[in-house]
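A short reminder: the numbers here are calculations on the coordinates, not readings from a lab. This is a predicted model, so every value here is computed, not measured. All Cβ positions, even for glycine, are placed from backbone atoms using ideal geometry, and neighbour counts span all protein chains on display.
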Amino acid sequence: MADTPNTQDGQNGLSYRDAGVDIDAGNALVEAIKPMVKSTRRSGADGTIGGFGGLFDLKAAGYDDPILVAANDGVGTKLMVAIEADIHDTVGIDLVAMCVNDLIVQGAEPLLFLDYFATGRLDVKQGAAIVSGIAEGCRQAGSALLGGETAEMPGMYSEGDYDLAGFAVGAAERGTLLPRTDIAEGDVILGLASSGIHSNGYSLVRRIVEMSGLSYGASAPFDKERTLGAALLDPTRIYVKPVLAAIRETGAIKALAHITGGGFPENIPRVLPEGMAADIDLSAIHVPHVFAWLAAQGGVARDEMLRTFNCGVGMIAVVAPEDSEAVADVLEREGETVTRIGVMKARDGARVSYHGTLDL
């Protein structure tokens, strides 16, 4: 008869660590990230972790009659680039950005954020780097990192692999949500510059990198100062504070659209009334070099680029012509690069049409 573990006194029995889950590592990660969480403290939240749930006081945040707005998202296969390049301190910014940018387009101020971090084996150094990015994203958005969950799941994820999900909640006073119903023909479309690829299209990006034969440690063809991995991991721009300032100071923004997966043709129509369409001047867009490299290296057609990537515009704002300068001034004062890229017109066919040449 085969020997069996003596589970009576635990001396020879299996432990959770033997099964691949290290509770001590989880506790060590919590201790390592406490200062990061505390750094995201804001009115309404005390920025502590360790309880079963996080609390937020809407009155302390200054709201009288708020509508809550919630969003959740992930980082997608951009995480595979981070894992292969062994760069983990920026994908947390992406995680926050993908959620909070979806809140601000509805006119909501992001108030709190929670993350879900799942991995095959918990590496405290890697986990702390990831959470440092999440905390940085929360600081950029003015959102409290209210808590989260770390799940160590051997067998579910391979060694070194991990996934991230984020959950954000924001608020707006009743009656101030966007889009407004008065979008009209002739309204101006302002484009806010992206910081690069952001967090969409990375399955295609990875395929193009594979075709190029380059490693993520090689010099980036479009940025000789950095490795390809570092250049492709530029974090998603967080537009919250500049856009919130423009909303509150001018009261003139009619609609906002976050240009994520689906690009212009999928995202702009989401905020337009049925009878309106957007006419985009592609020649007005400054296209970062990374997109030209992707298009050339992968032989990607213009329309495929426009529905897969942001191509240099991460957010658009719709404003009346007479208000466009005032809105642009606030956004630029707050650090955004703003370009007039189109106008609204009566719909006669496609919801988004193009003229001019995209500089690929």
What Kirkwood hydrodynamic radius do you get for region 47-183 when you take the inverse of the mean 1/r over all pairs of distinct Cα atoms, in Å? 15.8 Å
Cross-link pairs beyond the 31 Å C-alpha cut-off, checked among K34/K224; K59/K345; K59/K241; K59/K254; K34/K254; K125/K224: K34/K224; K59/K345; K34/K254
How big is the charge dipole of the chain about its Cα centre, in debye rounded to the nearest 20, if each Lys and Arg gets +1 on its Cβ and each Asp and Glu gets -1 on its Cβ? 380 debye
At 0.36 nm per residue, minus the direct Cα-Cα distance, what do A284 and M211 gain on full extension? Give it in nm, one decimal, please. 23.2 nm
Amide H to amide H under 5 Å from S353: which residues, 5+ apart in sequence or cross-chain, H placed 1.01 Å off N in plane? A278, D279, I280
Take the alpha carbon gyration tensor of region 113-228, find the square roots of its eigenvalues, order them as a ≥ b ≥ c, and report rounded if a/c is under 1.5; if not, report prolate when a/b exceeds b/c, else oblate. oblate
Contact order relative to length of region 156-291, as percent, for alpha carbon pairs under 8 angstrom and 6 or more apart: 29 percent
Quick one: which of 333-341, 352-360 comes out on top by average Cβ neighbours within 10 Å, and what's the full order, highest first? 333-341, 352-360
Candidates G53, G314, G298, ranked by Gaussian network fluctuation over the chain, Cα under 10 Å, top entry: G53
Quick check: pseudo-label points 7 Å beyond the Cα along Cα→Cβ at S353 and D86, how many nm apart are they? 5.4 nm
Under the rule rounded for a/c under 1.5, else prolate if a/b exceeds b/c, else oblate, using alpha carbon gyration tensor axes a ≥ b ≥ c, region 317-359 is classed as oblate
Whole-Hz ³J(HN,Hα) for each residue in region 221-228, computed from phi via Karplus 6.51 cos²θ - 1.76 cosθ + 1.60 with θ = phi - 60°, x for glycine and proline: what do you get? x, 9, 7, 5, 7, 9, 6, 4
What helices in the chain pass both tests, a Cα length along the helix axis of 24 Å or more and a mean Kyte hydropathy of -0.5 or higher, using whole DSSP H runs? 124-141
Given H placed on each backbone N at 1.01 Å, which residues far from R42 in sequence or on other chains put an amide H within less than 5 Å of it? G47
Under 14 Å from a point 7 Å along the Cα-to-Cβ line of A218: which residues of region 274-304 have their amide N that close? 294, 297-298
What residues have an amide H closer than 5 Å to that of A151, excluding those fewer than 5 places away on the same chain, when H is modeled at 1.01 Å from N in the peptide plane? F117, A118, T119
Region 240-288, Cα convex hull volume normalised per residue, Å³: 121 Å³
How much length is gained on full extension from S39 to S158, taking 0.36 nm per residue of separation minus their Cα-Cα distance? 39.6 nm
In terms of the alpha carbon gyration tensor, root eigenvalues a ≥ b ≥ c, rounded if a/c is under 1.5 and otherwise prolate when a/b exceeds b/c or oblate, the chain is oblate
Less than 19 Å apart at the alpha-carbon level, and either on another chain or at least 8 residues along: which aspartates and glutamates does that give for K38? D46, D57, D89, D115, E136, E149
What nm value, rounded to one decimal, do you get for the distance between R270 and A245 when each label is placed 7 Å out toward the C-beta? 2.6 nm
For region 342-348, 3J(HN,Hα) per residue [Karplus equation, 6.51 cos²θ - 1.76 cosθ + 1.60, θ = phi - 60°, Hz, x = Gly/Pro]: x, 9, 8, 9, 5, 6, 8
So what is the relative contact order for region 92-141, in percent, with contacts set as C-alpha pairs under 8 Å and at least six apart? 71 percent
For the chain, what is the relative contact order in percent, using Cα pairs closer than 8 Å and at least 6 residues apart in sequence? 20 percent
